Amino acid sequence: MKKRGQYKNQLRALSAIDQYFKDNPNAKIRDALDQEELLNTKQNCRLFGEYVTQTPERFWEMLSIIIIIEDDDLESIPKKYPFIVSEIIGSKEELIIDYFFSPRGLEEFEFLNFLFKIIDRDYIDNTLAGYFGKIMKAIIDKRGFHLWQYLTYPQKESQNVLEDFIKHLDVHHIADILFNLIRFDTVRQENGDVYLYQRSELLLRIIYYMQNKNYDNLVVENVCYILRNILTEISDNEEKEIFIQQIMNSSLQYNTFFISKSSDLVDLFIVLLDYTQQEHKPIQNRIIYNYTLLQELSYYLVDLLKTQLNLSQFQTTYGINQEPLGQFKLKLIEFYLKVLKLNDLQLINCFQHSYVCLAIMQLIQKHEFNNKIQNLFLEIIQLVMKNQEYNEIKQAYLEANVLGFLEELNSQYKYQVGLIKKQITKGFQGMANQLSYVLKDDFQEEKWQIYINRQQTIFQNENQYLLGQNPNYINENEEEINNQIVQSMTLSSDQNTIRQSFNQNVEQDQQNTENQQQQQKTQSDEEQIQQSTENTNYSVIAQDQPTNIEQEYPRSDDQFIPLDSETNPDISDRDMIDFNRKHQIKKEKAETMQFNRRNSMMGLSKRENKEEIKPKRKLSDHLYSYEAPQTQYSPIKQFNQLEIPNQKK
């Protein structure tokens, strides 16, 4: 009922808009935009498209609502009009989008030239850029080929459009338009021009602009958004490889990291690391990338970790002012961990591992309550110390005195922080204890063993299991019990399968028997009809035979011999069947009475007799039953007498 009501409301709105345009064929654009039901349905948007594309003047008036150039125009045009127009075109209304490319104006591409006046200015606000972004996204999706044809057309207006786009890269909506232009996610014609060269050139121009504007965080952030989405959103692998090469061989320089201090830029190179790994590719298909920029980033990683970010301090919940660590340095440590995991020798040999480890340890001491850097350091140490492939890096960490660092962190257990009156442990102490426990058996130096022995109580408290029982530990008795349970469940499952198969066979046999009886009955009826037709006189005489048959052929109940057609050819088949069935029933009743009489003479009741004939079902007959062996060993009793074993660490 609800859907039916919505459908009626849509029809009512449709009829209202349709009736409005029929009653007002020359209505003004603003009056049409004041209709409340205009954006309710797709069909209403199409009616508006038919309305504005009737004349070039009306289409021009619609564009004038979006393209606000003077401040006076901004005051005279209500805010809802540009929004409604952008929503209608953004819904991919084909009539309006196709009209942009029609030669109905005074000059070719007149409407597109007028549309791009929006970005032909020194400043564009985010609201207007958002409206413009909806329109451009719809045009790229529907007429992407023709738009690129316009952008490469040798005329003055179109040649400056891309330059106007690039100069507004500090606006995210404009950056999203450029990303969609480079991605070119539209239906492509077979063997058609995909403007790959022009798209690659646009990508290089964007990177070059970021290099020159590396002091502008908005520009760097938006360009990184474009490049990262190109790597993750483009589905064509050949195009993606070309764009990766363009990024790796671009004019981007190492000083951009120092100047911008952008975490998005570092995150972009973390994504690049994944896409440049070629172990899964055949040797003949591998591409030679330019690792110069990545190698420079690796070599100067320590300097970047020591860079002053000049971030504003904030007041913590415990009442002290703390300088934030910043996402930039956290992303640098993630980049280092990523290279270690990939074990890429082209990059891993560029790091000064001992100084990197020392820089991270200093940051941990300075930002003791930052859990993110502690987790990264924990993962790095475990990866290097527990892997034989990193022996050289392991020695570098030992030179940085990572063991002494752990001892230093545990030198003071509790202290007063800020406004908290109660003394608390240091924020990094949990990480230090966990690393110490992981490395406790890896080194045999006397000083290290003294420290480990001093931490044994903490290790036991932090690594004990709930109720003192390791959930992953299973002793021999428990394992034997579990095996028996599994075997019994398997046996019961097999028995259930056999029982189901037997029941299916019984049902099939019953079905076959019923079918045979039905066929015999049908055949008997047919024979009876045939005999009644051929031997009418004989059948009339045969109707009086049942009593004569019993008198002529007397049978005792105990010695019942069925009649057959060979010995009694003068009796009809139907009378013979009825006679045999009747005496068979008498015989069965006589046997039943004799059986009950014998039991009553022996003093047994009917209920006791039934119980004697039909024994009770055993527990093993049920599904998922388990019958314990009749031995002196009792699993339940022995399990209750077990003592909790010592913990296995």
Answer with yes or no whether Ile166 is touching a helix residue (DSSP H, G or I) at 6+ places or on another chain (Cβ under 6 Å) and at pLDDT 95 or above. yes
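Within the range 222-239, can you find the residues that are outside any helix (DSSP H, G or I) and free of Cβ contacts under 8 Å to residues at least 12 places away in the same chain?
The answer is Ser235, Asp236.
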Looking at (1) part of a loop (DSSP other than H, G, I, E, B); (2) within 19 Å of Leu332 (Cβ to Cβ), can you tell me which one Lys421 breaks? (2)
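Would you check if Ile424 is surrounded by 15 or more Cβ atoms within 10 Å (Cβ to Cβ) and within 43 Å of the chain's Cα centre (by Cα)?
No, not satisfied.
Here's the yes/no breakdown for (1) more than 30 Å from Gly319 (Cα to Cα); (2) of a type in the set (Asp, Glu); (3) at pLDDT 90 or above:
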| position | (1), (2), (3) |
| --- | --- |
| Glu399 | yes, yes, yes |
| Phe405 | no, no, yes |
| Asn410 | no, no, no |
| Gln429 | no, no, no |
| Gln444 | yes, no, no |
Answer yes or no: is there a residue in the range 85-98 that is without any contact (Cβ under 8 Å) to a residue 12 or more places away in the chain and of a type in the set (Gly, Ala, Ser). no
Wholly within the range 319-408, which helices (runs of 4 or more DSSP H) include no fewer than the required count, namely at least 3 residues that are within 22 Å of Lys261 (Cα to Cα)? 327-342, 353-366, 371-385
Taking the criterion of being modelled with pLDDT under 70, part of a helix (DSSP H, G or I), closer than 21 Å to Ile96 by Cβ and in the same structural domain as Asp120 (by TED's automatic domain parsing), would at least one residue in the range 13-21 satisfy it? yes
Considering only the range 28-46, how many residues are surrounded by 16 or more Cβ atoms within 10 Å (Cβ to Cβ) and either part of a helix (DSSP H, G or I) or more than 47 Å from the chain's Cα centre (by Cα) (or both)? 6
Only one of Tyr209, Tyr215, Tyr195 is touching a helix residue (DSSP H, G or I) at 6+ places or on another chain (Cβ under 6 Å), aromatic (Phe, Trp, Tyr) and under 23 Å from Ile118 (Cα atoms), namely Tyr209
I'd like the residue in the range 246-265 that is buried (at least 16 other Cβ atoms within 10 Å of the Cβ) and polar (S, T, N, Q) and, out of all such residues, is nearest to the chain's Cα centre (by Cα). Ser263
When Leu419 is evaluated against the numbered criteria (1) of a type in the set (A, V, I, L, M); (2) at pLDDT below 80; (3) surrounded by 15 or more Cβ atoms within 10 Å (Cβ to Cβ), which criterion, by number, is the only one it fails? (3)
Within the range 384-405, does at least one residue satisfy the condition of being free of Cβ contacts under 8 Å to residues at least 12 places away in the same chain, within 35 Å of the chain's Cα centre (by Cα) and either buried (at least 18 other Cβ atoms within 10 Å of the Cβ) or more than 24 Å from Glu445 (Cβ to Cβ) (or both)? no
Per the filter on the range 241-282, residues at pLDDT below 90 and of a type in the set (Lys, Arg) are Lys281
Those residues of the range 102-132 which are part of a loop (DSSP other than H, G, I, E, B) and either surrounded by fewer than 18 Cβ atoms within 10 Å (Cβ to Cβ) or not hydrophobic (A, V, I, L, M, F, W, C) (or both) amount to Ser102, Pro103, Arg104, Gly105, Leu106, Glu107, Glu108, Asp120, Arg121, Asp122, Tyr123, Asp125
Of the residues Ile68, Ile135, which single one is assigned to a helix (DSSP H, G or I) and either at pLDDT 90 or above or crowded, with 17+ Cβ neighbours inside 10 Å (or both)? Ile135
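The values are calculated or read from the model by the stated rules, or taken from the named source; none is laboratory data. Predicted model only: the values in this text are computed from it and were never measured. Positions of Cβ are generated from backbone atoms using ideal geometry, with glycine treated the same way; all protein chains shown enter the neighbour counts.
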